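Values quoted throughout were computed directly from the atomic coordinates according to the rules given, and no laboratory measurement underlies them. Values in this document were obtained by computation on a predicted structure and should not be read as measured data. As a convention, Cβ positions derive from the backbone with ideal geometry for all residues, glycine included, and neighbour counts pool all protein chains shown.
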Amino acid sequence: MAHHKSAKKRIRQSAKRRLRNRYKKTTMRTMVKRLRAMEDKAQAEEMLPKVVSTIDRVAKANIIHKNTAGHLKSKLTRFVNKLG
């Protein structure tokens, strides 16, 4: 257990950040799942920019790696383009 005031504060901060990061990551993953489940091309094309924006935001916050974000965006774009 931490003995210093600063260490206790660090523990509080990291716990808050962990929850915030977990929320952002699960939100992103849910959006990706919803997009992949779509069968209507018009709806998917409408949702794609929102999902890409969310992925970029999560990558910018270093919650996921930037290359992982790139792979995800590429795969999702290909998926939406293949819908017919």
Estimated [θ] at 222 nm from DSSP helical runs (n ≥ 4, -39500 (n - 2.57)) normalised by residues in the chain, nearest 500 = -29500 deg cm²/dmol
Distance in nm between pseudo-label sites at PHE79 and ALA15 (7 Å out along the Cβ direction from Cα) = 3.6 nm
Qualifying GluC sites (Glu not before Pro) in the stretch 1-76, DSSP loop, other Cβ atoms within 10 Å at most 16 = GLU39
Exceeding the 28 Å Cα-Cα cut-off - candidates LYS5/LYS66; LYS25/LYS75; LYS33/LYS82 | LYS5/LYS66
What is the distance in Å between the Cα centres of the stretch 50-81 and the stretch 1-36?
-> 19 Å
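Once the Cα gyration tensor of the stretch 16-84 is found, what semi-axes does its equivalent ellipsoid get, as square roots of 5 times the eigenvalues, in whole Å, sorted largest first? Display every interim value, and only then the final one.
On the way: eigenvalues 109, 30, 13 Å².
Three semi-axes, in Å: 23, 12, 8.
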Just going by the charge dipole of the chain, with Lys and Arg at +1 and Asp and Glu at -1 on Cβ, which of THR68, GLY84, VAL51 is farthest out on the positive end?
-> THR68
Between ARG36 and HIS65, Cβ-based FRET efficiency (R0 22 Å, step 0.05) works out to 0.60
